[in-house]
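Below is one structure; the comments refer to it alone.
The values are calculated or read from the model by the stated rules, or taken from the named source; none is laboratory data. Treat the numbers as computed from the prediction; the structure is a model and nothing was measured. With ideal geometry, Cβ positions are generated from the backbone for all residues, glycine too; neighbour counts draw on all protein chains shown.
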Amino acid sequence: MIRPTALLARLDQTTRLVSPDAAEALAKRWAELPASVRTPAQLLGRRTTGCEGTHGVFPRCNFGCRPCYHSSDANRVRVDGPHTIATVDEQMAFARAARGPGAYAQLIGGEVSLLDPDDHAAALLAMRRHGRVPMSFTHGDFDHDYLEALALDQHGRPRFTNLAFAVHIDSTMQGRRRVPHPTSERQLHDERARVAAMFDRLHRDHGITVYLAHNMTVTPANLDEVPDVIARSRGLGYRMFSFQPAAYVGNEARWAPDYRDLTDDDVWARIEAGAGARLPYRGLQFGDLRCNRVTWGAYVGQRYLPVIDDTDPRDLQARDRFFTAFPGPIGYAPLPHRAARIARAVATHPTVIPALAGWAARFIHRAGGLGAPWRRAEPTTFVLHRFMDAKATAAAWDHLEHGTPVAEPAVVEAVERLQACAYSMPHPETGQMVPACVQHGVLDPIETAQLVELLPRRPTSNGNRPPSHRVPPQ
Ligand code: SF4
């Protein structure tokens, strides 16, 4: 029989707002952040430890994009399922230990659909085993057969109840089967619809829900097409529209000279034009605003409504009360646990109820009242993520690793942004979570050169003899 004290302890543990390991990981992340980003709006270290991604798993890609963030010899590495699964497992185990449970993690490297569907599924399952919420990063140039083979087991039963894909489609990409050499975004609208329809069909036929994100690299050449991409793709099923201004990273042979002609404001203005609304990004902050601008919200009918209006002090107060009542993520525990945690949070911080009720009333009012088409509401997130140039990243990383002096403003900025990084790669061999800018700008070339030896596509000068162990990338 369980003693009353043990029962109470278990009840306390079950309904605790944040598990001890998650709380520890969040506190550590918060302590690592530069003071300049520890704002009331900051999500890092309070709601999340940040996003993660895999590396050194399958660098090969069958497209030729300009720019391309992969190193120039990425396509000399063969796609190898056992290597991918084992490496993903190792990296995610480390991420779980370093960053706690419940983080979003991208299965990313080269092109994920070059993996055998069974290997792809096994990698996703490995990520889930380590408490990650995986998202496959793809160019989307595959057919429904591949998607089904990934999503279903050999008996035709769903392996997953839900999947997440980030689909990169834009005119900087060369090699898509139906539009191999696009010269405008307009030529890709049918592809955006085709890819979204595949996932719709998966849901219809097998009940598997999908979170679909649309990614687009932005250059001066396609900047003015951003509004049209959003307007034409909205309603297809994409829940996130993420835009990455091109950066000088990866294969130098594929760079163009004018990337830095774009400012964040230039791109954000086009995103707002496409969304049809002002997109406030200071009410909720994800790392450093020079890296990320994010607006969470929903379309209700034709109207886009941000979750928070950062010019309304009542919304900001509701946010603060919510953060106090619900520290840490609440979305990953089983439903009964979540319900118990929410009940405990509300009982402990009752002022959150009027704050949230007021926020809900304002949100409904902005949507046009209770008569608005709520049934067709589409949660939609807009993101601008600006990767840094490899040169500044390398200098900043050198400073962080070795304490070398920094004076150049671009490097000072890079140091601050790396410290506040919201997207990092686990490196169990060095015990580090490494910012993706560092991964792509500094470590990928070294890592890929090692993979060329380990997983060569053609015989190498040493007679195709793979090394007996994986060499750490530093
Ligand atoms: S990956 Fe680079 S651009 Fe992105 S959040 Fe990290 S430091 Fe900023």
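In the stretch 380-388, is there at least one residue being under 27 Å from Tyr304 (Cα atoms) and surrounded by fewer than 16 Cβ atoms within 10 Å (Cβ to Cβ)?
No, the stretch 380-388 contains no residue that is under 27 Å from Tyr304 (Cα atoms) and surrounded by fewer than 16 Cβ atoms within 10 Å (Cβ to Cβ).
Being within 16 Å of the ligand (Cβ to nearest atom) and of a type in the set (S, T, N, Q) is the requirement here; does Gln439 meet it?
Answer is yes for this residue.
Which one is nearest to Gln91 (Cα to Cα), of the residues in the stretch 423-436 that are surrounded by fewer than 24 Cβ atoms within 10 Å (Cβ to Cβ) and within 10 Å of the ligand (Cβ to nearest atom)?
Selected residue: Val434.
So, in the stretch 277-307, of the ones that are touching a strand residue (DSSP E or B) at 6+ places or on another chain (Cβ under 6 Å) and assigned to a loop (DSSP other than H, G, I, E, B), which residue ends up nearest to the ligand (Cβ to nearest atom)?
Gly287
I'd like the residue in the stretch 416-446 that is at pLDDT 95 or above and among the charged types (D, E, K, R) and, out of all such residues, is farthest from Ala31 (Cα to Cα).
Glu429
Only residues that are outside any helix (DSSP H, G or I) and among the charged types (D, E, K, R): list them for the stretch 240-276, please.
Across the stretch 240-276, the qualifying residue is only Asp258.
Kindly indicate whether Tyr259 is in contact (Cβ under 8 Å) with a residue 12 or more places away in the chain and closer than 30 Å to Leu163 by Cβ.
Considered against the rule, which asks whether it is in contact (Cβ under 8 Å) with a residue 12 or more places away in the chain and closer than 30 Å to Leu163 by Cβ, Tyr259 comes out as no.
Go through the stretch 134-152 residue by residue and tally those that are free of Cβ contacts under 8 Å to residues at least 40 places away in the same chain, closer than 14 Å to Ile208 by Cα and crowded, with 18+ Cβ neighbours inside 10 Å.
Result for the stretch 134-152: 1.
Considering every residue within the stretch 37-50, establish whether at least one is in a helix (DSSP H, G or I) and of a type outside the set (Phe, Trp, Tyr).
Yes, the conditions are met somewhere in the stretch 37-50.
What residue, of Ala318, Ala269, is surrounded by fewer than 19 Cβ atoms within 10 Å (Cβ to Cβ), farther than 30 Å from Pro445 by Cβ, at pLDDT 95 or above and of a type in the set (Gly, Ala, Ser)?
Exactly one residue qualifies, and that residue is Ala269.
The rows are residues; the columns are (1) at pLDDT 95 or above; (2) of a type in the set (A, V, I, L, M).
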position	(1), (2)
Ala333	no, yes
Arg341	no, no
Thr348	no, no
Thr351	no, no
Trp359	yes, no
Arg376	no, no
Thr380	yes, no
Leu384	yes, yes
Thr393	yes, no
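Please go through the stretch 34-84 and pick out each residue that is free of Cβ contacts under 8 Å to residues at least 24 places away in the same chain, farther than 22 Å from His130 by Cβ and either touching a Gly at 6+ places or on another chain (Cβ under 9 Å) or crowded, with 21+ Cβ neighbours inside 10 Å (or both).
Listed by number, the list holds a single entry, Arg38.
Being among the aliphatic types (A, V, I, L, M), modelled with pLDDT of 95 or more and within 18 Å of the chain's Cα centre (by Cα) is the filter here; which residues of the stretch 99-125 pass it?
Ala105, Leu107, Ile108, Val112, Ala123, Leu124, Leu125
Restricting the first residue to the stretch 364-392 and requiring it to be away from the ligand (no atom under 16 Å from the Cβ), which pairs with a second residue that is in a helix (DSSP H, G or I) and of a type in the set (Phe, Trp, Tyr) meet a Cβ separation below 8 Å and a spacing of at least six or different chains?
The qualifying pairs are Ala367/Trp374.
What are the pairs with Cβ atoms under 7 angstrom where one residue, in the stretch 337-349, is more than 10 Å from Leu17 (Cα to Cα) and the other, located anywhere, is among the small types (Gly, Ala, Ser) and not in a helix (DSSP H, G or I)? Sequence gap at least six, or different chains.
Every condition considered, no pair remains.
Yes/no matrix, rows are residues, columns are (1) touching a Gly at 6+ places or on another chain (Cβ under 9 Å); (2) not charged (D, E, K, R):
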| position | (1), (2) |
| --- | --- |
| Gly140 | no, yes |
| Phe160 | no, yes |
| Asp170 | no, no |
| Met173 | yes, yes |
| Arg177 | no, no |
| Glu191 | yes, no |
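What are the residue pairs meeting all of these: first residue in the stretch 427-442, first residue closer than 12 Å to Tyr69 by Cβ, second residue near the ligand (Cβ under 9 Å from one of its atoms) and of a type in the set (Ser, Thr, Tyr), Cβ atoms under 6 Å, and 6 or more apart or on different chains?
Ala436/Tyr423; Cys437/Thr393; Gly441/Thr393
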